[in-house]
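A short worksheet on the structure shown next.
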Amino acid sequence: MTASSDKEAIRADWIPADLYRDPRRDMLEAELLWPRVWQMACREADLPSVGSFVRYDIVDDSILVVRTGEGPDDIVAYYNVCQHRGRELRQEARGQLGATLACRFHGWQWNIDGSIHSVYWEEDWKDCPAFDNESLALPRIRVGRWGGWVWINQDPDCEPLMDYLGVVPEMLDPFEPENMRPLFWKTIVAPVNWKLVAEAFNEGYHSWATHNSGINLKNNNQGTTAYGRHAMFYGLPSQPGEYRDDDGKWKMPATVQESLWANYRHLYRTLFALTLDPGMAVAERLRELPDDFPPEQVVPTMFAYYREEFARRGVSYPEKLTIEAWARAGMDWHIFPHSIVLPSIDGALWYRLRPNGLIPDSCIFDIWSFGRWAPGEEPKVENEIYHGFEEFRGANPFLEEDFANLEAVQRGVRNRGFRAARTNPKQEATVNNFQRQLVEYCGR
């Protein structure tokens, strides 16, 4: 066996091995990808008051996202670096600015919008060229808002966020992601390249072999579709699979409603996302339907039960989330390059991936479980940080099944015997699209 050639092209069933193991790729991404794409920096809710800030780091760049006023668009982003001697201005992940932002090295100060406020002994620079308010301001970064997120783009000539997102808002807006609030936010500093994590979570072909502790997903066939930069997968009609009952025995569901209940229960117990308390209550009600209940009426009944359950809890139902919108949205969206979202009626499971600085085999992997709550009843959530998969063990049984694959893939793609990724043309087109987009931005 020989390693793949640089001349080999990506095709529907083939991704050349060099795209996984060429060390130049990470440097090209740092130069050509990350400064040119829209990225999720923080939730709008993370900036509750004037002066609130969040620090967002990408490769070697540190960025501050700051609320400057009470309006929804009163948010700016600028580089987190003093224009005097290059000290980072803020080293904490988030916080509250006062009237000014001061450098702790020599005391230069900026207003919270990034304009210069004062320079200590400014008169010493008298007659020096380009020492004016404009050149001393903190360099601004483009900002956009969608889905409850604040997005940033370092390219001053970038296309508007909504143009960049393409069909994604059309597909996901019915779920009202802007009205979701987190149940948890976990961050893993993972010992793998960010691209391998992205590929692992934007296809469902792995589900039957990886997630088999409580549900048999062997009959699931999940189609994939690319929409320009972005891609998604969706569930195709399939036979219901077995599930493990409380007595530990495998059981074949007798009805559609039993199959749905078993899947909801498994996610509720092991993933702690997608199915939350309202959805589990709905599934329990569905399970009580008689065996001769018309199968075609199970999903409409589920939607009716959701409305009743949300109303009982004082939760606003997303009115545009019809059965048709739910089906059209599919199961999983990869928003290029680093955001992956799985929407549900209960909320969403949302991932964000990025390099850990310039360390090629390390990434920062954020995981959010989002839900819907009555006003004032949202849980208070702190970001939990784990250094490695082993430290994460015990936090989420479902995801731990995925993590067992990632480090093995990290090692395997560097093996001389690995010729190429032989991707499933129907169920892994999302992976191929991801690699094609990377080549489009970064070349080979």
Problem - Unpaired by the 4.7 Å Cβ criterion, cysteines found in the chain - result: C42, C128, C158, C363, C442
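Can you tally the lysine pairs in the chain where the Cα-Cα distance is under 20 Å and the two residues are eight or more apart, or on different chains?
Working: K186/K195; K186/K380; K218/K249; K218/K251; K218/K426.
Close lysine pairs under the 20 Å cut-off: 5.
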Problem - Signed unit charges on C-beta, dipole axis of the range 39-157, positive-most listed residue P156, G51, G95 - result: G95
Handout entry: Amide hydrogen neighbours beyond the local backbone of N80, cut-off 5 Å, H modeled
Key = S62, I63, L64
Fill in the blank from the handout: Residues whose modelled amide H sits under 5 Å from the amide H of I75, counting only those 5 or more places away in sequence or on another chain, are T68
Handout entry: Hz values of 3J(HN,Hα) by residue in the range 375-391 - Karplus curve (6.51, -1.76, 1.60), Gly and Pro given as x
Key = x, x, 9, 5, x, 7, 10, 10, 5, 9, 10, 10, 9, x, 5, 5, 5
Handout entry: Phi-based couplings in Hz for the range 325-341 (Karplus 6.51, -1.76, 1.60; Gly and Pro marked x)
Key = 5, 4, 5, 5, 6, x, 9, 7, 10, 9, 8, 4, x, 10, 10, 10, 10
Exercise for the section: Springs between alpha-carbon atoms under 10 Å, Gaussian network over the chain: tell me which of D332, D113, D246 tops the mean-square fluctuations. Expected result: D246
Handout entry: Amide H contacts of W149 (H built 1.01 Å from N, under 5 Å, at least 5 apart or other chain)
Key = E44
Exercise for the section: Note down the magnitude of the dipole of the chain about its Cα centre, charges +1 on Lys and Arg C-beta and -1 on Asp and Glu C-beta and zero elsewhere, to the nearest 20 debye. Expected result: 1020 debye
Completion exercise
Whole-Hz Karplus couplings 3J(HN,Hα) for the range 423-431, θ = phi - 60° and coefficients 6.51, -1.76, 1.60, Gly and Pro as x, run 6, 5, x, 8, 9, 10, 4, 4, 5
Problem - Answer label for Cα extents along the principal axes in Å (calculated), chosen among (1) 86, 43, 41; (2) 87, 62, 38; (3) 60, 51, 48 - result: (2)
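Below 14 angstrom from the Cβ of G107, what's the summed charge of the other residues (Lys, Arg +1; Asp, Glu -1)?
Overall, the nearby charge balance is +1.
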Problem - Neighbourhood charge, 12 Å Cβ-Cβ cut-off, centred on M40 and excluding it, Lys, Arg +1 and Asp, Glu -1 - result: +1
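Values quoted throughout were computed directly from the atomic coordinates according to the rules given, and no laboratory measurement underlies them. None of the values given here were measured: they were computed from a predicted structure. All Cβ positions, glycine included, derive from the backbone under ideal geometry; neighbour counts span all protein chains shown.
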